[in-house]
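Only one structure is covered here, and it is reproduced in the block below.
The values are calculated or read from the model by the stated rules, or taken from the named source; none is laboratory data. For clarity, every value in this text was computed on a predicted model and none was experimentally measured. Ideal geometry is used to build each Cβ from the backbone, glycine not excepted, and the neighbour counts take in all protein chains shown. Accessible surface areas use protein heavy atoms only, side chains included; no ligands, DNA or RNA. Shrake-Rupley method; radii C 1.70, N 1.55, O 1.52, S 1.80 Å.
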Amino acid sequence: MSDYKYSTLAVHAGQEPDPVTGAVNVPIYLSSTVELTGIGTDKGWDYSRAGNPTRDRLEASLAALEGGTSGHAFASGMAAIYALVATLHAGDHLICSHNVYGGTARLFNLIVRHYGIEIEYVDTGSLDAVGAAIKATTKLLHIETPTNPLMALTDIAAVSRIAHAKGVEVSVDNTFMSPALQSPLALGADIVMHSTTKFLNGHSDGLGGALIGTKPEHKERFWLVQKAAGGILSPFECYLVLRGIKTLPLRMKQHDENGRAVAEFLATQTKLKRLAYPGLKSHPQHELAKKQQRGFGSMLSFDLGTREKAGRFLSALKLFLNAESLGGVESLASHSATTTHAALSDEDRAKVGITEGLVRLSVGIEDKDDLVADLEQALKAV
Ligand SMILES: Cc1ncc(COP(=O)(O)O)c(C=O)c1O
């Protein structure tokens, strides 16, 4: 299967017909338990927390799409990030990109830190800063690229080289790009993380998360967390993600085309500042985006100056829905300071540049002219 090209893998990897009935779609196995064949013997499954035939299929699909050796599906993106750090020990040092999804920072600051794990936020866009931050106790470098919502990039290949030279593993939150537009493992990272809630599912109808590993040790470790802690994805939601994955390559083409069109339109507008879209030449890391991504995607953000102006803009939108989340077929707009990054203190938001006027767009797959017209009319209200 791994010899096939990406669009073929999206339709077929892990999605082979059911061997029992020939059903073309992966069956949803709801059974929580399975009849054993004897004492200590079974047909490959015993209890659904440890393994489920529908989940196995999704995990195989995700591993194939990311080019990893094992996939692990969790109840949400946050459950996947939790699983990523669950086996760290007190005294271990974790380095994280300094402007990440607010939920990741909330998990690290309010929960993981209390386990005695030292967490350091670093501008992973700076290779010098990454090199300087690594110390003897550093176990993991977790990066998000592009970051939510400021679209800052980290050079995955370069930071992986730096980390590996010091025996540190690299995990990449690939949610914003999806496996269609960026392959962190091929660039040298060790682990990929996804919120499948976003582009992988693609229809805003189910939370989910995933880790994709590259080593036998990852398979054992992440499976242990699935079985021991139990934050696994339900069979029904595994099915929804499998269904979404079949059209991921097609959807991402449209997302990417629409994202570029919207960014180009916004670049001509004088009412906004700090337009962040890696596909624009004005983005400071445009060259890196061209090098490590296969497109620029459909996420972007800009600053309207004040919270009031951002509020007027969001209320005036007709097609874009004022809603959190991203990566669905429908276009969404959100106020980062009070939604995705509400968990950060005012000071921490200010430090990374999440201002009161910041608006983030997740550009959907509607007609791009309609989307641009909607933005144009809403900007008149600002
Ligand atoms: C980049 C990124 N990572 C992780 C998450 C968390 O995923 P979930 O909402 O599925 O728990 C999100 C959610 O918005 C996200 O944007």
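Points worth noting:
- In this structure the amide hydrogen of His142, modeled in the peptide plane, comes within under 5 Å of the amide hydrogens of Ile95, Cys96, Ser97, Ser171, none closer than 5 places in sequence on its chain.
- The stretch 37-140 shape via C-alpha gyration tensor axes, a/c threshold 1.5: prolate
- Karplus 3J(HN,Hα) series, Hz, for the stretch 234-248 with 6.51 cos²θ - 1.76 cosθ + 1.60 (x for Gly, Pro): 5, x, 5, 5, 4, 4, 4, 5, 4, 5, x, 4, 4, 9, 4
- Packing-based order for 103-111, 69-77, 324-332, using average beta carbon neighbours within 10 Å, highest first: 69-77, 324-332, 103-111
- Positive dipole terminus of the stretch 52-198, leading residue within Asn109, Ile143, Ala165 (C-beta point charges): Asn109
- Cross-link pairs beyond the 30 Å C-alpha cut-off, checked among Lys198/Lys351; Lys135/Lys253; Lys281/Lys309; Lys253/Lys318; Lys227/Lys291; Lys273/Lys368: Lys135/Lys253; Lys227/Lys291
- The residues Arg260, Arg360, Arg294, Arg221, sorted by heavy-atom accessible surface at 1.4 Å with ligands and nucleic acids left out, run Arg294, Arg260, Arg221, Arg360 from largest to smallest.
- Zero-based 20 Å bins, Cα pair distances in the chain, whole percents: 29, 57, 13, 0
- Sorting the segments 180-187, 286-293 by their residues' average number of neighbouring beta-carbon atoms within 10 angstrom, most packed first, yields 180-187, 286-293.
- Taking a straight Cα-Cα cut-off under 16 Å and skipping sequence neighbours fewer than 8 places away in the same chain, the lysines within cross-link reach of Lys215 are Lys139.
- The stretch 88-208 - percent relative contact order, Cα under 8 Å, separation 6 or more: 22
- Toward the positive end of the charge dipole of the stretch 189-260, with +1 on the Cβ of Lys and Arg and -1 on the Cβ of Asp and Glu, the farthest Cα among Gly244, Gly209, Thr196 is that of Gly244.
- With the helix formula -39500 (n - 2.57) applied to DSSP H stretches of n ≥ 4, the chain reaches a computed 222 nm mean residue ellipticity of -11000 deg cm²/dmol.
- Couplings 3J(HN,Hα) of the stretch 154-168, computed from phi: 10, 6, 4, 5, 5, 5, 5, 4, 5, 5, 5, 4, 10, x, 9 Hz, in residue order, whole Hz [Karplus 6.51 cos²θ - 1.76 cosθ + 1.60, θ = phi - 60°; x for Gly and Pro].
- Peptides ranked, highest mean first, by Cβ atoms within 10 Å: ranges 153-164, 263-274, 225-236, 124-135: 153-164, 225-236, 124-135, 263-274
- Between the stretch 233-302 and the stretch 135-194, the C-alpha centres lie 18 angstrom from each other.
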